[in-house]
Structure formats: C-alpha cells, structure tokens
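All remarks here apply to the structure that follows.
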Amino acid sequence: MPRFFVHVRSNGHCGSYDAIGLDFPDVETARCQTLRAAQGLIGVFAARGQDPRDHAVEIENEAGHVVLHMPFSEIFLRDP
C-alpha cells in the first residue's frame, strides 16, 4: 500500500513535517482522510489566534512529489 506524508506549511515554511507517513490505498483516499482531519483543526487556529490563511496542508507521495496543496482557508469552507 502506498505511503503518504502530510505536512503543514506556515507562510510557505514547513510548520509540521511528517517523517513517518500513513498508508492509504490511493491518492484520493489520502486526500479525503487528510481533509477530514484538517477540518477538525479550526479550533486550534482560533485558540492560538492564528489566521488559517497563513497555513496550508500538503500531501507528499513516497517519491517526494506533492499530490495535494490546499490552504486551510479553503479546507474550512468545504463540507465535512
């Protein structure tokens, strides 16, 4: 099963680097699971007084290619 790595970028810099990764059957499953989990972080940004527009989530595949880049401001607008 392919491994994907989920990173959080803050103002273009790596705010959280995933060195372990998670196994998903495909990119679409990795995308759906990551976006669902990321939606739960809205309270974290609010508690820290941070603007989600300054942060984005990226999913990288095993080859090191970014397969998803989405700002948190767009994630929070999506339906769960």
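Among helices (runs of 4 or more DSSP H) entirely within the chain, having at least 2 residues that are over 11 Å from the mean Cα position of the chain (by Cα) and exposed (fewer than 12 other Cβ atoms within 10 Å of the Cβ) singles out 42-48. With respect to the conditions (1) modelled with pLDDT of 90 or more; (2) at positive phi; (3) not hydrophobic (A, V, I, L, M, F, W, C), Gly12 falls short on a single one, namely (1).
The values are calculated or read from the model by the stated rules, or taken from the named source; none is laboratory data. These numbers were taken from a predicted model, which means no experiment stands behind them. So basically every Cβ, Gly included, is an ideal-geometry build from the backbone, and we count neighbours across all protein chains shown.
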